[in-house]
Amino acid sequence: GQTHHPDHIAVSRWTTRAVRASGSGATVLYAAMTTEWVAEFNEVVPMDQVMMTEDPPPTVPVEDLALWFVCDDDLSDRKVRALRCQVSQVEPIIALSGIDVFTRLTRDEMFRVAGADDWPD
């Protein structure tokens, strides 16, 4: 729920609860954004265009990332095609940024480990 979208928050809660209830001890990773990524994104698309709150987006220092994956060209193309299926959410961003910048900004997937305070009651 890093954009504070209620549906994303709900799915995160359900997943976190399911993992905790399973007793598997599996590590839960949450999608994250670094300060640098947010600044780069904000140069093209004002964050208030995508955030569901007036609060600034939560960020994680690069050194606190558990995983930082960068899509290769083929996977990035597939990812952008899939994202474009969410026309009402994605096309306005592409209109502001252009497809090349949008593609570059969506190549990165960053995750942090869920902390004890992230576990719902």
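Here the dipole of segment 14-93 is about 620 debye; that uses its Cα centre as origin and unit charges on the Cβ of Lys and Arg (positive) and Asp and Glu (negative). Remark: the chain carries 65 Å² of accessible area per residue (probe radius 1.4 Å; ligands, DNA and RNA excluded). Close amide H pairs (under 5 Å, H built 1.01 Å from N) link His5 with Met52, residues at least 5 positions away or on another chain. Over the chain, DSSP H runs of length four or greater, each weighted -39,500 (n - 2.57), average out per residue to a 222 nm ellipticity of -14500 deg cm²/dmol.
The 1.4 Å probe gives accessible areas that order Thr34, Thr103, largest first, as Thr103, Thr34. Label reach from Ser88 (point 7 Å along Cα→C-beta): in segment 5-47, amide nitrogens under 17 Å belong to 5-8. Accessible surface of Asp7, taken over heavy atoms with a 1.4 Å probe and every protein chain present, rounds to 100 Å².
Note on the chain: with neighbouring protein chains present and a 1.4 Å probe, carbon and sulfur make up 54 percent of its accessible heavy-atom surface.
The values are calculated or read from the model by the stated rules, or taken from the named source; none is laboratory data. Predicted model only: the values in this text are computed from it and were never measured. Note that each Cβ is placed from the backbone with ideal geometry, even for glycine, and that neighbours are counted across all protein chains shown. Areas reflect the complete protein model, heavy atoms only, side chains present, ligands, DNA and RNA absent. Shrake-Rupley method; radii C 1.70, N 1.55, O 1.52, S 1.80 Å.
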